[in-house]
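K.L.:
This is the structure, below, for whatever I ask next.
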Protein chains: 2
Amino acid sequence: MSGTKRYWSSRIRDLTPYTPGEQPKDRQFIKLNTNENPYPPSPRVTEAIRAAAGADLRRYPDPDATPLLEALSRAYGVPQDRIFAGNGSDEVLSFAFQAFFDPGSTIVFPDITYSFYPVYANLYQIRCRRIPLGADFTLPVPAFFGGSDGVVIANPNAPTGMAVGPNALRAILEANPRAVVIVDEAYVDFGAESALPLIGDYPNLLVVQTMSKSRALAGLRVGFAFGQPGLIAALNCVKNSINSYTLDRLAIAGGVAALEDRDYFDLRRRQVMETRERAAAALRDLGFEVLPSQANFLFASHPAVPARALFDGLREAGILVRYFSQPRIDRFLRITVGTDEEMDALCRALAALLQAQK
Amino acid sequence: MSGTKRYWSSRIRDLTPYTPGEQPKDRQFIKLNTNENPYPPSPRVTEAIRAAAGADLRRYPDPDATPLLEALSRAYGVPQDRIFAGNGSDEVLSFAFQAFFDPGSTIVFPDITYSFYPVYANLYQIRCRRIPLGADFTLPVPAFFGGSDGVVIANPNAPTGMAVGPNALRAILEANPRAVVIVDEAYVDFGAESALPLIGDYPNLLVVQTMSKSRALAGLRVGFAFGQPGLIAALNCVKNSINSYTLDRLAIAGGVAALEDRDYFDLRRRQVMETRERAAAALRDLGFEVLPSQANFLFASHPAVPARALFDGLREAGILVRYFSQPRIDRFLRITVGTDEEMDALCRALAALLQAQK
C-alpha cells in the first residue's frame with residue numbers, strides 16, 4: 001500500500017471518525033449547535049482551578065482521580081468502588097466498548113442516536129445492529145430484549161431529547177442478563193430520571209454521565225460512570241493499559257468544586273429547563289413540530305420549509321444549530337437551549353426565514 | 001464466566017495494566033521516584049491557566065488543539081500537519097500502537113525499557129519481541145534491522161537513561177522501510193539528540209515527546225508527536241474515533257505558554273543536567289556504579305548492598321526512589337534528579353545505609 005495510508009494499521013484503514021459540531025474561530029455566532037450550557041460554570045470551579053494552577057503542576061495527578069471519586073461518592077451517595085472517572089464521557093464510553101464487548105460480537109442501539117456509538121464499534125471490531133425507533137421516535141423497548149452481546153441506550157436520547165423511564169430500562173436489563181447495558185445519561189440532569197438507583201440490582205448496568213452539559217464544563221473534559229465493582233474494575237483495567245492519568249490536576253480540582261456547588265447546579269439546570277419549555281412553545285407557535293425534550297436541546301421540524309434551508313439561513317443570520325443529513329431526521333434541526341435572549345433571537349430569525357419562503 | 005470478570009471482554013481478561021510510580025498521600029517524602037521536574041513550571045503557564053479558567057469552560061475545546069499545534073510549530077520549526085498533540089505521551093503512544101501496528105503483527109523493543117510498551121501491545125493484540133540490550137545496557141543497533149512489523153525505542157532509554165545518536169536511528173529507519181519506528185523522546189531535553197530533524201527523510205518515523213518532564217507539567221497531561229502527514233493523519237483518525245477533545249482548554253492554554261517561555265525551559269533543564277552530573281559523581285564516590293544518563297534520572301547500583309534493601313531504607317528515611325524487581329536490573333535503583341538539596345539528602349541517607357551494612 002502506498003500514499004497517505006501506507007503505514008496505517010488494518011484496524012483504522014476503513015474507519016470514518018466522529019465529526020463534532022462546528023467550533024467557529026472566525027466569527028461571533030449565537031452558538032446553539034453543540035449542546036453547551038449557556039451559563040458559565042460555578043464560580044467555585046474557577047476558584048478551585050486557579051488555586052490548583054501552581055507549582056504542583058510539576059507532579060503527576062492522582063492516577064485514580066481519588067479526590068474526584070470522593071466528591072462523586074458524596075454527591076451521588078454511591079461507594080467509590082462503583083465509580084469511574086475519565087476524560088469526558090466520550091472517553092468513558094470508548095473504554096466501556098473495549099471493556100465489555102468482544103471483537104466480532106454484536107451490540108444493539110437505536111437507529112437514531114448519538115453517532116459516536118458506531119464509530120467506537122468500528123474501531124474495536126464490534127458489529128452493530130440498529131433498532132429502528134418508532135415513527136414518533138419512541139424507544140421500542142421489547143426490540144431490545146436479548147439476541148445481542150451488548151446494549152447502548154442514550155437516555156435522554158440524542159438528537160431527539162426523548163427519554164424513557166426506569167421501568168423500560170429494568171425490562172431491558174432483565175432481558176439481557178449476560179450482556180452489559182450502557183445507559184448514556186449525558187443529558188439526564190435536564191429532567192429525565194437516572195438509572196443510577198438500579199445499579200445495585202443489575203450487575204450488567206453501566207450508567208455514564210458527564211460534566212460537559214449540566215455543569216457547564218465541556219471545556220474541562222470530565223465524564224464518569226457508575227456500576228458494580230466488576231464493571232468499574234474493567235474500566236480501570238482498560239484505562240491503566242492506555243494512560244495512567246487521563247484527568248489532569250485542574251480537571252480533578254474543577255470537577256470536585258462543581259460537585260460541591262449543588263445550589264448553583266440546580267439553579268442553572270432549572271433555568272435551562274424553563275427556557276427550553278418557553279422556546280418549545282415559541283417554536284410551535286411558528287408552526288414547528290417539536291419533540292418532547294428532556295435534554296438541553298430541542299429537535300424541531302417545520303412542515304413547509306426544509307431543515308437544510310433553515311440551517312443555512314440561520315447560519316447567515318449568525319446563529320449556529322445542528323442539522324443531520326441522515327434518513328428519517330433530515331427534516332429536523334437540533335437546537336441547543338441557550339439563554340432566553342438567544343432563543344428569542346433564534347425565533348425571530350426563524351420567523352423571518354419562514355416569512356421569506358412564503 | 002462468573003465473579004469479578006464476568007462481563008469483561010476477551011481482550012482485557014488476561015491483561016496486566018501498567019503500574020505507575022507511587023504517589024504518596026499520607027506522608028511528605030523527598031520524591032525521586034516518578035521523574036518529575038523538581039522545579040515549578042514557568043510562571044507564564046500558571047498565568048495562562050488562570051486566565052483560561054473562566055466562563056469559556058462551558059465551551060468545548062478546539063478539537064484539534066489548534067493553538068497548541070501552532071505554538072509547537074513555532075517552537076520546533078515544523079509545519080502543523082506534521083504535529084499531533086494528546087493527553088500526555090502515554091496516550092499518544094497508545095494511539096500510535098493502534099494506528100500503526102496490526103493485530104497479530106510483531107513489534108520489537110529492548111528487553112529493558114519503558115514497561116508500558118508491552119501493556120499497549122497486549123491490549124491491542126500485538127506480539128512483542130524483546131531484544132536484549134548489551135551487558136553494558138547499550139542498544140544493539142543491528143538487532144533492530146528488519147524482521148518485525150514495528151520498532152519502539154525510548155531515547156534516552158528508561159530506566160537506564162542511556163541514549164543513542166541519530167546515526168543509529170537512521171540505520172534502524174533505513175533497515176525497516178515498511179515498519180513504523182516510534183522514537184519515544186520523553187527525556188530528550190536533558191542532553192540527548194532528538195530524531196526530529198530526521199522526519200523529513202523517513203516517512204516511517206514518529207517522534208514522541210512530552211511536557212511532563214522538561215517542562216515540569218506532569219500534572220497537566222500534554223504530549224505530542226512529530227511525523228510526516230500520513231502518520232499524523234492516522235493518529236487523528238484514532239483520536240477522533242475515541243474522543244474528539246482529549247486536551248482540555250486549560251491544558252491547551254498552559255501548553256502554549258510553556259512553549260513560549262523558552263528561556264525558562266532552557267534554564268531549568270540546564271539546572272537539572274548540572275545537578276545530575278554532580279549527584280552522579282557523589283554516588284560514584286559512595287561506591288555506586290552509575291550508568292551514563294542523558295535523562296532526568298540516574299540508574300545506580302551498589303556492589304555491596306542489594307538495591308531492594310537500599311530502596312526500603314530510603315523509604316524509611318523519607319526518600320522515594322524506584323526499584324524494579326526484574327531480571328538484569330534488580331541490582332539498580334532509578335533515582336529522579338531533584339534539586340541539589342534533595343540529592344544531597346539522598347546521598348547522606350545512602351551513606352548512612354551503606355555504613356549500617358558494614
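K.L.:
Are any of the residues in region A:39-50 assigned to a loop (DSSP other than H, G, I, E, B) and open to solvent by 20 Å² or more (accessible area, probe 1.4 Å)?
P.N.:
Within region A:39-50, the subset assigned to a loop (DSSP other than H, G, I, E, B) is A:39-42.
Adding the requirement that they be open to solvent by 20 Å² or more (accessible area, probe 1.4 Å) leaves A:39-40.
Yes.
K.L.:
Report whether or not B:GLU260 is at pLDDT 95 or above, open to solvent by 20 Å² or more (accessible area, probe 1.4 Å) and under 21 Å from the mean Cα position of the chain (by Cα). Break it down stepwise before answering.
P.N.:
Details: at pLDDT 95 or above: yes; open to solvent by 20 Å² or more (accessible area, probe 1.4 Å): yes; under 21 Å from the mean Cα position of the chain (by Cα): no.
Spelling it out, it is not the case that B:GLU260 is at pLDDT 95 or above, open to solvent by 20 Å² or more (accessible area, probe 1.4 Å) and under 21 Å from the mean Cα position of the chain (by Cα).
K.L.:
Also, quick follow-up: Looking at (1) of a type outside the set (Ser, Thr, Tyr); (2) under 23 Å from B:LYS5 (Cβ atoms); (3) more than 10 Å from every other protein chain (Cβ to nearest Cβ), which one does A:ASP149 not meet, given that it meets all the others?
P.N.:
(3)
K.L.:
Could you check region B:72-183 for strands (runs of 3 or more DSSP E) lying wholly inside it with 3 or more residues that are without any contact (Cβ under 8 Å) to a residue 60 or more places away in the chain? Please lay out each step first, then the result.
P.N.:
Values: elements: B:83-86, B:106-110, B:127-131, B:150-154.
Those strands (runs of 3 or more DSSP E) span B:106-110, B:127-131, B:150-154.
K.L.:
Return the only residue of B:GLY318, B:GLY313 being at positive phi and not acidic (Asp, Glu).
P.N.:
Details: B:GLY313 fails: at positive phi.
Being at positive phi and not acidic (Asp, Glu) holds for just one of B:GLY318, B:GLY313, which is B:GLY318.
K.L.:
Something else: If you take the residues in region B:96-107 that are facing chain A (nearest Cβ under 9 Å) and within 19 Å of the chain's Cα centre (by Cα), which one is surrounded by the fewest Cβ atoms within 10 Å (Cβ to Cβ)? Steps first, please.
P.N.:
We begin by selecting, within region B:96-107, every residue facing chain A (nearest Cβ under 9 Å); these are B:97-103, B:105.
Restricting the remaining residues to those that are within 19 Å of the chain's Cα centre (by Cα) gives B:97-98.
Working: B:PHE97: 24, B:GLN98: 26.
Only one residue fits best here, namely B:PHE97.
K.L.:
Looking at (1) more than 9 Å from chain A (Cβ to nearest Cβ); (2) buried (at least 16 other Cβ atoms within 10 Å of the Cβ), can you tell me which one B:GLU36 breaks?
P.N.:
(1)
K.L.:
Contact list please: Cβ distance under 6 Å, first residue in region B:1-24 and of a type in the set (A, V, I, L, M, F, W, C), second residue open to solvent by 40 Å² or more (accessible area, probe 1.4 Å), pairs at least six apart or on different chains.
P.N.:
B:LEU15/B:ASN122
K.L.:
If A:ASN236 meets every condition in (1) in contact with a Leu (Cβ under 9 Å, 6 or more places away or on another chain); (2) part of a helix (DSSP H, G or I); (3) not hydrophobic (A, V, I, L, M, F, W, C) apart from one, which number is that one?
P.N.:
(1)
K.L.:
Could you tell me whether A:SER325 is out of contact with any strand residue (DSSP E or B) (no Cβ under 8 Å at 6 or more places or on another chain), of a type in the set (Ser, Thr, Tyr) and surrounded by fewer than 20 Cβ atoms within 10 Å (Cβ to Cβ)?
P.N.:
On the way: out of contact with any strand residue (DSSP E or B) (no Cβ under 8 Å at 6 or more places or on another chain): yes; of a type in the set (Ser, Thr, Tyr): yes; surrounded by fewer than 20 Cβ atoms within 10 Å (Cβ to Cβ): yes.
Here the answer is yes, as A:SER325 does meet what is asked.
K.L.:
Would region B:277-284 turn up any residue that is out of contact with any Cys (no Cβ under 6 Å at 6 or more places or on another chain), of a type outside the set (Ser, Thr, Tyr) and in a loop (DSSP other than H, G, I, E, B)?
P.N.:
Within region B:277-284, the first condition is being out of contact with any Cys (no Cβ under 6 Å at 6 or more places or on another chain), and the residues that meet it are B:277-281, B:283-284.
With the extra rule that they be of a type outside the set (Ser, Thr, Tyr), the set shrinks to B:277-281, B:283-284.
Keeping just the survivors that are in a loop (DSSP other than H, G, I, E, B) gives none.
Scanning region B:277-284 turns up no residue that is out of contact with any Cys (no Cβ under 6 Å at 6 or more places or on another chain), of a type outside the set (Ser, Thr, Tyr) and in a loop (DSSP other than H, G, I, E, B).
K.L.:
Turning to a different aspect of this structure: Among the residues of region B:1-22, count how many are open to solvent by less than 40 Å² (accessible area, probe 1.4 Å) and either more than 8 Å from chain A (Cβ to nearest Cβ) or within 17 Å of the chain's Cα centre (by Cα) (or both). Break it down into steps so the answer makes sense when it comes.
P.N.:
If we filter region B:1-22 for residues that are open to solvent by less than 40 Å² (accessible area, probe 1.4 Å), which is where we start, we get B:7-9, B:11-12, B:15, B:18, B:20-21.
The next check asks that each one be either more than 8 Å from chain A (Cβ to nearest Cβ) or within 17 Å of the chain's Cα centre (by Cα) (or both); those that pass are B:18, B:20-21.
Count: 3.
K.L.:
Scan region B:77-94 and tell me whether some residue there is surrounded by fewer than 22 Cβ atoms within 10 Å (Cβ to Cβ) and of a type in the set (Ser, Thr, Tyr).
P.N.:
Checked region B:77-94: no residue is surrounded by fewer than 22 Cβ atoms within 10 Å (Cβ to Cβ) and of a type in the set (Ser, Thr, Tyr).
K.L.:
Residue by residue through region A:215-233, note down the ones that are surrounded by fewer than 24 Cβ atoms within 10 Å (Cβ to Cβ) and in a helix (DSSP H, G or I).
P.N.:
Hits for region A:215-233 are A:PRO229, A:GLY230, A:ILE232, A:ALA233.
K.L.:
Turning to a different aspect of this structure: Quick one: count up the residues across region B:313-336 that are farther than 17 Å from B:GLN23 by Cα and among the aliphatic types (A, V, I, L, M). Break it down into steps so the answer makes sense when it comes.
P.N.:
The initial filter retains those residues of region B:313-336 that are farther than 17 Å from B:GLN23 by Cα, namely B:313, B:325-333.
Okay, now just the ones that are also among the aliphatic types (A, V, I, L, M), so B:329, B:333.
Residues that pass the stated criteria total 2.
K.L.:
Write out, first by first residue and then by second, each pair whose Cβ atoms fall under 7 Å of each other, whose residues are 6+ apart or on separate chains, and whose first residue, in region B:323-338, is part of a loop (DSSP other than H, G, I, E, B) while the second is of a type in the set (Phe, Trp, Tyr) and open to solvent by less than 10 Å² (accessible area, probe 1.4 Å).
P.N.:
Close Cβ pairs (under 7 Å, with a partner that is of a type in the set (Phe, Trp, Tyr) and open to solvent by less than 10 Å² (accessible area, probe 1.4 Å)) amount to B:VAL337/B:PHE297.
K.L.:
Mind checking which residues of region B:193-212 are more than 9 Å from chain A (Cβ to nearest Cβ), more than 16 Å from B:GLY86 (Cβ to Cβ) and either in contact with a Ser or Thr (Cβ under 8 Å, 6 or more places away or on another chain) or not β-branched (Val, Ile, Thr) (or both)?
P.N.:
B:GLU193, B:SER194, B:ALA195, B:LEU196, B:PRO197, B:LEU198, B:GLY200, B:ASP201, B:TYR202, B:LEU205
K.L.:
Looking only at region B:263-282, which residues are open to solvent by 30 Å² or more (accessible area, probe 1.4 Å) and touching a residue at least 40 places away in the same chain (Cβ under 8 Å)?
P.N.:
B:TYR264, B:ARG268, B:ARG269, B:GLN271, B:MET273, B:ARG278, B:ALA282
K.L.:
Using the structure shown, decide if A:TYR202 is in a loop (DSSP other than H, G, I, E, B), touching a residue at least 40 places away in the same chain (Cβ under 8 Å) and over 20 Å from the mean Cα position of the chain (by Cα).
P.N.:
On the way: in a loop (DSSP other than H, G, I, E, B): yes; touching a residue at least 40 places away in the same chain (Cβ under 8 Å): no; over 20 Å from the mean Cα position of the chain (by Cα): yes.
No: the conditions fail for A:TYR202.
K.L.:
If you don't mind, there's one more thing I want to ask. When you check A:TYR60 against the structure, is it within 11 Å of another protein chain (Cβ to nearest Cβ), of a type in the set (Phe, Trp, Tyr) and either on the phi < 0 side of the Ramachandran plot or surrounded by 15 or more Cβ atoms within 10 Å (Cβ to Cβ) (or both), yes or no? Before the answer, list the steps.
P.N.:
Numbers: within 11 Å of another protein chain (Cβ to nearest Cβ): yes; of a type in the set (Phe, Trp, Tyr): yes; either on the phi < 0 side of the Ramachandran plot or surrounded by 15 or more Cβ atoms within 10 Å (Cβ to Cβ) (or both): yes.
Considered against the rule, which asks whether it is within 11 Å of another protein chain (Cβ to nearest Cβ), of a type in the set (Phe, Trp, Tyr) and either on the phi < 0 side of the Ramachandran plot or surrounded by 15 or more Cβ atoms within 10 Å (Cβ to Cβ) (or both), A:TYR60 comes out as yes.
K.L.:
Could you list all residues from region B:243-256 that are at the interface with chain A (Cβ under 7 Å from one of its Cβ atoms), in contact (Cβ under 8 Å) with a residue 12 or more places away in the chain and out of contact with any Leu (no Cβ under 7 Å at 6 or more places or on another chain)?
P.N.:
Step one: filter region B:243-256 for residues at the interface with chain A (Cβ under 7 Å from one of its Cβ atoms), giving B:243-246, B:248-251.
With in contact (Cβ under 8 Å) with a residue 12 or more places away in the chain added as a condition, the list becomes B:244-246, B:248-251.
Within region B:243-256, B:SER244, B:TYR245, B:THR246 qualify.
K.L.:
Between residues in region A:226-240 that are basic (Lys, Arg) and residues that are crowded, with 23+ Cβ neighbours inside 10 Å and modelled with pLDDT of 95 or more, which pairs lie under 7 Å by C-beta distance while being six or more apart or on different chains?
P.N.:
Listed pairs, sorted by first residue: A:LYS239/A:GLY86; A:LYS239/A:PHE95; A:LYS239/A:THR246.
K.L.:
Right, something else. Residues that are at positive phi, in contact with a Pro (Cβ under 7 Å, 6 or more places away or on another chain) and in contact (Cβ under 8 Å) with a residue 24 or more places away in the chain: does region A:207-221 have at least one? Give the derivation first.
P.N.:
Within region A:207-221, the subset at positive phi is A:216, A:221.
Filter once more, keeping what is in contact with a Pro (Cβ under 7 Å, 6 or more places away or on another chain): A:216.
Checking which are in contact (Cβ under 8 Å) with a residue 24 or more places away in the chain leaves us with A:216.
Yes, some residue in region A:207-221 is at positive phi, in contact with a Pro (Cβ under 7 Å, 6 or more places away or on another chain) and in contact (Cβ under 8 Å) with a residue 24 or more places away in the chain.
K.L.:
Just to check your reading of the model, which residue among A:ARG74, A:ARG129 is over 30 Å from B:ASN33 (Cα atoms) and touching a strand residue (DSSP E or B) at 6+ places or on another chain (Cβ under 8 Å)? Give the derivation first.
P.N.:
Numbers: A:ARG74 fails: touching a strand residue (DSSP E or B) at 6+ places or on another chain (Cβ under 8 Å).
Result: A:ARG129 is the single residue among A:ARG74, A:ARG129 that is over 30 Å from B:ASN33 (Cα atoms) and touching a strand residue (DSSP E or B) at 6+ places or on another chain (Cβ under 8 Å).
K.L.:
Turning to a different aspect of this structure: Please verify whether region A:256-273 includes one or more residues that are charged (D, E, K, R) and within 30 Å of A:ARG331 (Cβ to Cβ). Break it down into steps so the answer makes sense when it comes.
P.N.:
Step one: of region A:256-273, the residues charged (D, E, K, R) are A:260-263, A:266, A:268-270.
With the extra rule that they be within 30 Å of A:ARG331 (Cβ to Cβ), the set shrinks to A:269.
Yes.
K.L.:
Hey, another quick one. Any residue at all in region B:200-222 that's closer than 30 Å to A:THR4 by Cα and hydroxyl-bearing (Ser, Thr, Tyr)?
P.N.:
Filtering region B:200-222 down to residues closer than 30 Å to A:THR4 by Cα leaves B:200-211, B:221-222.
Add one more test, that the residue is hydroxyl-bearing (Ser, Thr, Tyr), and what stays is B:202, B:210.
Within region B:200-222, one or more residues are closer than 30 Å to A:THR4 by Cα and hydroxyl-bearing (Ser, Thr, Tyr).
K.L.:
If you don't mind, another one. All but one of (1) surrounded by 13 or more Cβ atoms within 10 Å (Cβ to Cβ); (2) outside any loop (DSSP other than H, G, I, E, B) hold for B:GLU341; which doesn't?
P.N.:
That leaves (1) as the condition not met.
K.L.:
Let me confirm something: among B:GLY313, B:GLY254, B:GLY287, which residue is surrounded by fewer than 21 Cβ atoms within 10 Å (Cβ to Cβ) and in a helix (DSSP H, G or I)? I'd like the intermediate steps shown before the answer.
P.N.:
On the way: B:GLY254 fails: surrounded by fewer than 21 Cβ atoms within 10 Å (Cβ to Cβ); B:GLY287 fails: in a helix (DSSP H, G or I).
Result of the check over B:GLY313, B:GLY254, B:GLY287: B:GLY313.
The values are calculated or read from the model by the stated rules, or taken from the named source; none is laboratory data. As the structure is a prediction and not an experimental result, all values here were calculated from the model. So basically every Cβ, Gly included, is an ideal-geometry build from the backbone, and we count neighbours across all protein chains shown. Quick note on the areas: whole protein, heavy atoms, side chains included, nothing else; ligands and nucleic acids left out. Shrake-Rupley method; radii C 1.70, N 1.55, O 1.52, S 1.80 Å.
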